[in-house]
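The values are calculated or read from the model by the stated rules, or taken from the named source; none is laboratory data. Keep in mind the model is a prediction, meaning the values are calculated, not measured. So basically every Cβ, Gly included, is an ideal-geometry build from the backbone, and we count neighbours across all protein chains shown. Accessible surface areas use protein heavy atoms only, side chains included; no ligands, DNA or RNA. Shrake-Rupley method; radii C 1.70, N 1.55, O 1.52, S 1.80 Å.
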Amino acid sequence: MADRIAQGVAEAPVPGLAIDVAAQDFYASDNPAGGAGVCEHGAAIGAVRDVAGSSAQVSLVLHRLRACAASEDQSVQLAGLVGSQVKVQVGNMWLLASVRTQRSADACDTIMAEIDFLGEGMDEQGDGRISSFRRGISRYPAPGAKVFAASTADLEQVYASDGRATISIGRVYPTGSIRASLYVDALLGKHFALLGSTGTGKSTSAALILHRICDMAPDGHIVMIDPHGEYSAAFAGNGELLDVTNLRMPYWLMNFEEHCEMLLTSDGADRQADMDILARCLLEARSRNRLAEQMDKLTVDSPIPYLLSDLSKAIVAQMGKLDKATNTAPYMRVKGKLDELKSDPRYQFMFSGMLVADSMAAFLQRMFRMPGDGRPISIIDVSGVPSETTRTVVAILSRLVFDFAVWGRDERTRPILLVCEEAHRYIPGNDSEHGSAVANILSRIAKEGRKYGISLGLITQRPSDLAEGVLSQCGTILSMRLNNERDQNFVKAAMPEGARGLLASVPALRNRECIVCGEGSAIPMRLTFDNLEEDRRPASADPSFAELWNETGGEADAVERIVQRWRAQSR
């Protein structure tokens, strides 16, 4: 199609070919408003043929598209091509639309295109430019309505802020002048997802968005789960950096479900027996704390400190009450796992005897940045957590965010943003993981978090591996290049119809480019992210094999240092 436009075709329809009457009219018709905002010939580029709901079919004139392609306006140059914006005249109103598809028409010098309506604006000055733009349309065009190219001046009005708080993250494609901004309250108030295959610049883009939010709100409250230790380098200057060396997360903050995941290893009927034992002994251990005496109601989920030795003694005491014929294996399983966690140095960040004191308020203040002291984000690096319990640790951190918001509804608490990198690891779509504590709590936050002032940000390279329905809870989706067809189809199903034309370009996006649609942007848009300063980037750069494999020296010393850290299980 592009070749036909570039090479040229007959300037008028071939005699004898039937063309829509309205299409014939604009061959010799100029824009009555003087051509502002259209191609340099000041003429319509096509006409509406059929209208159906939020979309329409239009016929476009090739020689008018050629004239637009020669324009100095970058937006006009792409008029009529898939993913570009056009505008339809309806009285004194302009309807903005995105071109979804193109196909050849029987008539010479004519192509057919499907467009999706995005919003409407007024022609207040009578100069053909869009003003007072708003999402959605109140009037539909009739067949025969003229189609014009949308200019950069039009798009500046469309993407202009309407007074709401925004963050600027890049430039709208294909213009080099229009800033791409996101509405902060809409972005965070209805959750968001950042998607993209490995190597597209996803981590740097995530850091850029979070930096912009932190710069705008230095007293904000952001918690980021970092599974690979990438983001500590990016937020060393304005974040609280937590890992296994300084996290100091008390074990008694776990609820009963998390205790079961951490302490129970059995399945089936044996697991139910172990759960009954753990429930009785855990409640007894919690009840021994003097704080429990002040509680009208004490449950196994109550975050009351208890001694690990008290839990162990309760298990032994329960086992001592058994008849000789009763099987003691369930008690031994629970106690054996508890003793293992107590003695394993990998779990000292959580099961240390030093964490028995009531430090809950201090832990939450540090984690939620309350007060923030100019560091509005906490980066929780879980890369050092033993892999078999990483999901449970993430579940605990996520649930603390949710429970804090639920029990704080009577207070004037501030909203919290929870960002989950590698989200498909924690909310997977496979049935075997549906009942896990982390999948349960993150799914609940996705569905109910907005009611309690919790914003959820999901970052993943495999959206098709997410649990069904989670992505649809995200009001704003930022999709970078996706190479997998299954992922592409999954994202298309979650995005609104108005973004279909732009979605066709998802596999062809360059690094640092993305498609944004949803509540966080005025209309679906393609943008190029800003460059992020070197000291604000995550440690996610790919190594240069060509460079590093041509360097030598110091290898033996490096191996010695690596072995030392490896044995110490500490960085």
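Below is a table of values for the structure above.
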| item | result |
| --- | --- |
| Mean residue ellipticity (222 nm) of the chain, computed from DSSP H runs ≥ 4 via -39,500 (n - 2.57), nearest 500 | -9500 deg cm²/dmol |
| Solvent-accessible area, 1.4 Å probe, carbon plus sulfur percent, for the chain | 49 |
| Trypsin sites (Lys or Arg not before Pro) within the stretch 286-390: DSSP coil, no more than 12 neighbouring Cβ in 10 Å | LYS297, LYS321, LYS324 |
| Qualifying GluC sites (Glu not before Pro) in the stretch 58-161, DSSP loop, other Cβ atoms within 10 Å at most 14 | GLU72, GLU124 |
| Paramagnetic reach from ASP339 in the stretch 295-317 [backbone N under 12 Å; point 7 Å along Cα→Cβ] | 312-313, 316 |
| Distance between the stretch 532-571 and the stretch 69-98 - C-alpha centres, whole angstrom | 50 |
| Reachable aspartates and glutamates, given that their alpha-carbon falls under 19 Å from the alpha-carbon of LYS297 and they are not under 8 places away in the same chain | GLU257, GLU284, ASP358, ASP403 |
| Heavy-atom surface of the stretch 178-288, accessible at 1.4 Å and reported per residue (Å²) | 32 |
| Simple label model, 7 Å out from Cα along Cβ direction - ALA269 to SER544, nm | 6.5 |
| Net length gained if the chain between PHE256 and MET216 were fully extended (0.36 nm per residue, minus Cα distance) | 10.5 nm |
| (i) 46.2; (ii) 33.4; (iii) 32.2, with the label sought being that of the calculated mean projected area of the Cα convex hull in nm² | (ii) |
| The stretch 316-394 and the stretch 441-503: distance between their alpha carbon centers, rounded to Å | 32 |
| Per-residue SASA entry for GLU560, accessible area with 1.4 Å probe, Å² rounded to 10 | 130 |
| Overall form of the stretch 303-374 per C-alpha gyration tensor (a/c, 1.5; a/b vs b/c) | prolate |
| Reach of LYS202 by Cα under 13 Å, taken over aspartates and glutamates that are not fewer than 8 positions away in the same chain | GLU230, GLU421, GLU422, GLU513, ASP530, ASP542 |
| Sparse-neighbour loop sites [trypsin sites (Lys or Arg not before Pro); the stretch 141-177; at most 16 other C-beta within 10 Å; DSSP] | ARG164 |
| Global form of the stretch 90-158, assessed from the alpha-carbon gyration tensor, a/c cut-off 1.5 | prolate |
